[in-house]
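Asks: This is the structure I have questions about; it appears just below.
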Amino acid sequence: MSGCKGKSLLDDNPVFTAAPPRHSLSNSASAVNPADATVSNVLAVSYEKGGEAPLTGNSVVAQVNGTPVFVDDLIGSLRLAIESDQRLTPEQRQQILEAQVKSRLDSYLEQEVVIHALNQAIPEDRRKEIDKSLEEPFQEVIANIKRDRKVETDAQLNEILAEEGLSIDLLRESFFRIQKVNGYLSTISSKPGAVDRADMVTWYQEHLSDFTSSERVRWQEVVITFAANGGRKGAEEKMIRVVNDLQQNRDFGEVALELSDALSAEKRGDMGWLERGGLADKELENTLFGLQSGQMTKVFVRPDRFEVYRVVDHQYEKTKTFQEVQKEIEQKITREREQEARRKAMEEIRSKATVVTMFDENPRP
């Protein structure tokens, strides 16, 4: 598996090869998001429910190859927070516990079947070596969290994490688990070969829209309102001055800054970029998109103001050439093939596992 800055964590490891980039640890009850590492929706088989006893930390919610999965494996710290909340009734606590278990169970079980396969394939001494190799990058993660939280010691960080139902040990467990799952799936997945040029050309042709930029214009405005100039007559006189200045090639932005009554005046009339469909006033929009860079509109007469616009830059729809995006396409195809190989590896592992959950629709009597 890969370590920090691209360095192999265990260069001589005969089982693990370089893993994809590590997942960051989020400060939430689940600590990490395993979605990228696994395939969703475990196909659950039947499970013998033990009556309607309330869920506790030691309640078995699933089994993977006969090994029990407990409530606390999924939501240990969160369970403590739920059970200590005096605002909840016992019934409400149970409802929340069951909902939290259910929302996390599939992802956890997907990880667990990979961990089981890893433990069967790798001797215990090598697994310990892998754990040892993961400690250094984990400490780098913890150092980053300390900097973000502005603390220096583990004790200070644990105090903060405790308020969120977490601890350094819980983060370590989640970090190690994700790295092992990712690393093992990467190791057993078939490695994609070189991408043929023909495949890249086909991909390019099928995804032309991804490489095509939308037509857009950057525009400026000068707005002269009746209200700010003592009525229509005063506004007309001011707009005549605007037009005269522009006809004498005075900079549009300077005219806007000096004479415009709109809020955009302080930005020299700049209205930013506009794509087709961005204006409710379709007449104005069509006019703007009909102009070349540097051209101005006629004076628009509104019920309460006069307006004139300038197109600063008109960028037309453009599709990048294949040569411009060839490297990007090669990388995309390689990633797609790697993801497909990991998906197949996950399916192979899952097909050999027996998974039993408390949420099966047809439990054994």
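Here, each number is a calculation from the coordinates, and none is a lab measurement. All values reported here derive from a predicted model rather than from experimental measurement. Glycine also receives a Cβ, built like all others from the backbone with ideal geometry; neighbour counts cover every protein chain displayed.
Asks: Which whole-angstrom value gives the distance between the alpha carbon centres of the range 327-355 and the range 145-213?
Replies: One Cα centre to the other: 15 Å.
Asks: Of the cross-linked pairs 102/180; 128/191; 132/344; 267/327; 298/320; 191/352, which ones have a Cα-Cα span greater than 32 Å in the structure shown?
Replies: Working: 102/180 24 Å; 128/191 26 Å; 132/344 29 Å; 267/327 40 Å; 298/320 34 Å; 191/352 22 Å.
Checking Cα-Cα distances, 267/327; 298/320 exceed 32 Å.
Asks: Hey, another quick one. What is the extension gain from residue 207 to residue 228, computed as 0.36 nm multiplied by their sequence separation minus the C-alpha to C-alpha distance, in nm to one decimal? Write down the numbers at each step before the final one.
Replies: Numbers: separation 21, 0.36 × 21 = 7.56 nm, distance 5.15 nm.
The span from residue 207 to residue 228 would gain 2.4 nm if fully extended.
Asks: Stretched out fully, how many nm does the piece from residue 347 to residue 143 gain, at 0.36 nm a residue minus the Cα gap?
Replies: 69.8 nm
Asks: Given H placed on each backbone N at 1.01 Å, which residues far from residue 272 in sequence or on other chains put an amide H within less than 5 Å of it?
Replies: The list, which skips near neighbours in sequence, is 219.
Asks: Further, regarding this structure: Starting at the first residue of the range 126-131, write each ³J(HN,Hα) from the Karplus equation 6.51 cos²θ - 1.76 cosθ + 1.60 with θ = phi - 60°, in whole Hz, x for Gly and Pro.
Replies: Along the range 126-131, the couplings run 6, 5, 5, 5, 5, 4 Hz.
Asks: Return the aspartates and glutamates within reach of residue 318: Cα separation strictly under 17 angstrom, same-chain partners fewer than 8 residues apart disregarded; answer none if there are no such residues.
Replies: Result set, ordered by chain and number: 206, 210, 215, 275.
Asks: Excluding residues on the same chain fewer than 8 positions from residue 146, give the aspartates and glutamates whose Cα lies under 13 Å from its Cα.
Replies: Hits, sequence-local ones excluded: 154, 159.
Asks: Explain nothing, just the number: dipole magnitude of the range 162-263 about its Cα centre with +1 on each Lys and Arg Cβ and -1 on each Asp and Glu Cβ, in debye rounded to the nearest 20. Each step should come with its number before you reach the end.
Replies: Details: 12 positive and 17 negative charges, 31 e Å.
In total the dipole reaches around 140 debye.
Asks: By average Cβ neighbour count within 10 Å, what is the ranking of 218-227, 151-160, 128-137 from highest down?
Replies: Working: 218-227: 20.6, 151-160: 13.2, 128-137: 15.8.
Averaged packing, sorted descending, gives the order 218-227, 128-137, 151-160.
Asks: So how much slack lies between residue 326 and residue 279, counting 0.36 nm per residue of separation and subtracting their Cα-Cα distance, in nm? Walk me through the intermediate numbers first.
Replies: Details: separation 47, 0.36 × 47 = 16.92 nm, distance 3.55 nm.
Extra length available between residue 326 and residue 279 comes to 13.4 nm.
Asks: DSSP loop GluC sites (Glu not before Pro) in the range 259-347 with at most 16 other Cβ atoms within 10 Å of their Cβ, which ones? Present the calculation step by step, with values, prior to reporting the outcome.
Replies: Values: sites: 266, 275, 283, 285, 307, 317, 324, 328, 330, 336, 338, 340, 347; in loops: 317.
Listed in order of number, the matching sites are 317.
Asks: Using DSSP to call loops (not H, G, I, E or B), can you name the trypsin sites (Lys or Arg not before Pro) in the range 66-103 whose Cβ has at most 16 other Cβ atoms within 10 angstrom? Mind dumping the intermediate values first?
Replies: Values: sites: 79, 87, 93, 102; in loops: 87.
Answer by residue number: 87.
Asks: Long-range amide H contacts for residue 69: which residues qualify at under 5 Å (H placed 1.01 Å from N, peptide plane, sequence gap of 5 or more or a different chain)?
Replies: Residues meeting the amide H criterion: 61, 62, 63, 64.
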